[in-house]
Amino acid sequence: ITYAAAEAWDLFQMFLLFLYAAFKVSDKKDVSVIVRCISIVLLLESALIVAQGLGAIGPFNVAGFQAADVEFAGHTRPSGTFGAPNNAAGFLAAAGVVCLGSILSGIKGIDRYLAGAAFVFSIPPLALTLSRGGWSGLAAGTGLLMFFFSRRMPWKTMGAVAACLVLAALPFAPAILARIADNDGSADVRFALNKLAVGMILDHPFLGVGINNFVTAMDPYRSRGYSLEW
C-alpha cells in the first residue's frame, strides 16, 4: 500500500503539472519561461553530478533532496538529487533534448545561450551516470530532432550539434565503450523480469497487482529458473 500510494502521488503531481502547462501556456513567452527554468535546473543538476563524480561532494539528504554515489559493478555512479543514476540519466537526457529542440526551433536571446550551455554541459554528467538507457534516450531524441529539422536547418548547424556531442563525450569515451561492451547481467536479467511480468499480467489482466508493486508481488512467480537472477 505504501509503494502504491507513493507512486500514485508522483503520478498525481505530474498530472497537475500537465494541467498547468495545458491551460496556462498560451504563447511563445510562456514557452520561453519553461525552457529557461528547465535549462537552469539542468545546469545546476549537471554541476552537482559532476562534483559528485569528482568526489567533491559526498552523499547527502536535505529537506527531501537526496544525493548519493551509488556503487554498482565496481563503478561509482553519481546520481545528483535523484538517488539513483538511471533516474538522473533519464532527466538529463529528456531535459537535454528539450534544450536542443528549443535551440533548433529558433528560440532567441539569452534563452538560446542558456539552453545551449545546458545541453552541452549535460553530456559529461550523463556519461558519468554510466546509464546505457540514458545514453540511448539522448541519442534517439537527438536523432529525431535532426530528422525533423533537417529541412529547416543548415548543415553547419547540424554539424555543430554533432561536434558538441562528440567533444563533450570524448573524455569519457573509454568508460562509455567499456560500459557498452560489458554485460554485467543487468541487460540479460531484463528478459527474466519481462517473463515474470507476463505471468502477472496473465493472472491479473485488468486490475494488475497494484501500482509499483512488482517487487512485492513477484515471489509466487519466481521459479527455480530465476533463483540466480539478480
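If the condition is being open to solvent by less than 70 Å² (accessible area, probe 1.4 Å) and assigned to a loop (DSSP other than H, G, I, E, B), then region 8-33 contributes only Val25. Only one entry in Gly96, Gly80 is at pLDDT 85 or above, crowded, with 19+ Cβ neighbours inside 10 Å and in a loop (DSSP other than H, G, I, E, B), namely Gly80. Among residues of region 126-151 being surrounded by 13 or more Cβ atoms within 10 Å (Cβ to Cβ) and part of a loop (DSSP other than H, G, I, E, B), the one that is farthest from the chain's Cα centre (by Cα) is Leu130. Does Glu71 meet the test of being over 30 Å from Phe149 (Cα atoms), modelled with pLDDT under 85, surrounded by fewer than 16 Cβ atoms within 10 Å (Cβ to Cβ) and of a type in the set (Asp, Glu)? Here the answer is yes, as Glu71 does meet what is asked. Just give me the residues in region 1-55 being aromatic (Phe, Trp, Tyr) and closer than 30 Å to Leu207 by Cα, in sequence order. Passing the criteria: Tyr3, Trp9, Phe12, Phe15, Phe18, Tyr20. Pairs please, first residue from region 197-211 and surrounded by 12 or more Cβ atoms within 10 Å (Cβ to Cβ), second anywhere and outside any helix (DSSP H, G or I), Cβ atoms under 6 Å, 6+ apart in sequence or on different chains. Qualifying pairs under 6 Å: Met200/Val209. Among residues of region 144-165 that are under 19 Å from Leu126 (Cβ atoms) and aliphatic (A, V, I, L, M), none has a Cβ under 6 angstrom from a residue that is at pLDDT below 75 and not in a helix (DSSP H, G or I) at a sequence gap of 6+ or on a separate chain. Given the criteria of a type in the set (Val, Ile, Thr) and over 30 Å from Gly55 (Cβ atoms), does Thr157 qualify? Taking the combined requirement at face value, the residue satisfies it. Entry remark, region 99-117: residues being surrounded by fewer than 20 Cβ atoms within 10 Å (Cβ to Cβ) and hydroxyl-bearing (Ser, Thr, Tyr) number 2 in total.
The values are calculated or read from the model by the stated rules, or taken from the named source; none is laboratory data. A quick note: this is a predicted structure, and the numbers were derived from the prediction, not measured. With ideal geometry, Cβ positions are generated from the backbone for all residues, glycine too; neighbour counts draw on all protein chains shown. Calculation scope for accessible area: heavy atoms of the full protein, side chains included, ligands and nucleic acids excluded. Shrake-Rupley method; radii C 1.70, N 1.55, O 1.52, S 1.80 Å.
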